[in-house]
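Written below as structure tokens is the structure these notes are about.
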Amino acid sequence: MSATSVDRSLLASSSRAAVRIPRKKSHWGSYLFLTVMAVMWLVPLVWTLYTSLRPKSATDKYGYFSLGGSFNFDNFAQAWTQGGFLTYFGNSLIITVPAVILTLFFASMMAFAVSRFNWKFNVTLLIAFTAGNLLPPQVLAAPLFEVFKNFSLPYWLSDSGSLLNTFFSVIAVNTAFQIGFCTFVLSNFMKAIPPELSEASRVDGAGVWRHYTAIIMPLCRPALAALGTLEVIFIYNDYFWPLIFIQSGDKLPVTTAINNLKGQFLSDYNLLAAGAVITVIPTLIIYLVLQRQFIAGLTLGASKG
């Protein structure tokens, strides 16, 4: 073989090797898009915090879109006192905690039934639960109001003798509306659990309840943590249902406390911004505390083929 042919073969092999080397993809478009979206998301929050730290006198003098004037926490102290946030935070706690616990409990039982057992109506029932989320709340507001109005309760549970103007009505509605979404997510999560675990538990003599509590639920902790975080935010931020079913001001949740900061003829937007920041703080704390579990629940199974 001549030197020329050897050189050609080496050149051909090197060119084929060069073709096999994958090119490094450029992700500048994704980074640009994510950066723009992050800025669009953060600008209103940062501007609300900035406005809440400025006195109204500085805003009147320099305007809302200037950096002049002093900064202090007087708006937060006034908003806390004038808005009665301590009472409203307690009401939100009474509504949110039972609603989230009941939602996750019933949704996990329903997801367990439709994902771990084969029976005639499991898919139909799952579709029915999921389809319930497609109904707009405004459509059911009037019928639910009449149902709660005519539902009798002892007077030691309700001043009106019905479900209206009670925490029970808001808890029940939020639980019913959130069960469908949680059932859909948990059922898909439970379907990914190996069926051999269920078969082994049956061989060992475990009943349905023990199978649910001792095997399936511990494996669903990441999904439950992620759903729990989302449900706390959803139910805590709910404004529609409490405003319909609760007429007494001392039972309304914190989302309605900002109404107490509005004046009859003039609104102090610096004070309103401080009230909005106070309202956001609990959900921010919950997310930061459960951030690891929340991300783990959302990304679990993302690397599976």
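Data overview
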| quantity | calculated |
| --- | --- |
| The stretch 27-72 - Kirkwood radius from inverse mean 1/r over Cα pairs (Å) | 12.2 |
| Interchain or long-range residues, amide H under 5 Å from Ser162's placed H | Leu153 |
| Length added when fully stretched, Ala77-Asn260, from 0.36 nm per residue minus Cα-Cα | 64.5 nm |
| Spatial extent of the stretch 14-172: Rg and Dmax, with the Cα atoms as the point set, Å | 27.1, 88 |
| Reference-scaled alpha-carbon Rg (2.2 N^0.38 Å with N residues) for the stretch 136-213 | 1.72 |
| Rg and Dmax of the chain, Cα atoms only, in Å | 27.9, 106 |
| Whole-angstrom gap from the stretch 227-264 to the stretch 44-84, using each part's C-alpha centre | 23 |
| Which of His27, Ile233, Ala257, positive extreme of dipole for the chain (C-beta unit charges) | His27 |
| Ranking of Leu102, Leu157 by count of other Cβ atoms within 10 Å, fewest first | Leu157, Leu102 |
| Using a Förster distance of 45 Å, the FRET efficiency for Asp204-Ala131 (Cβ separation, nearest 0.05) | 0.75 |
| Helix-only [θ]222 nm of the chain, DSSP H runs n ≥ 4, -39500 (n - 2.57) each, per residue, nearest 500 | -21500 deg cm²/dmol |
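Every number in this text was worked out from the coordinates using simple rules, so none of it is lab data. Everything quoted here is computed from the prediction, not taken from an experiment. Don't worry about glycine lacking a Cβ; one is built from the backbone with ideal geometry, like all the others, and counts go over all protein chains shown.
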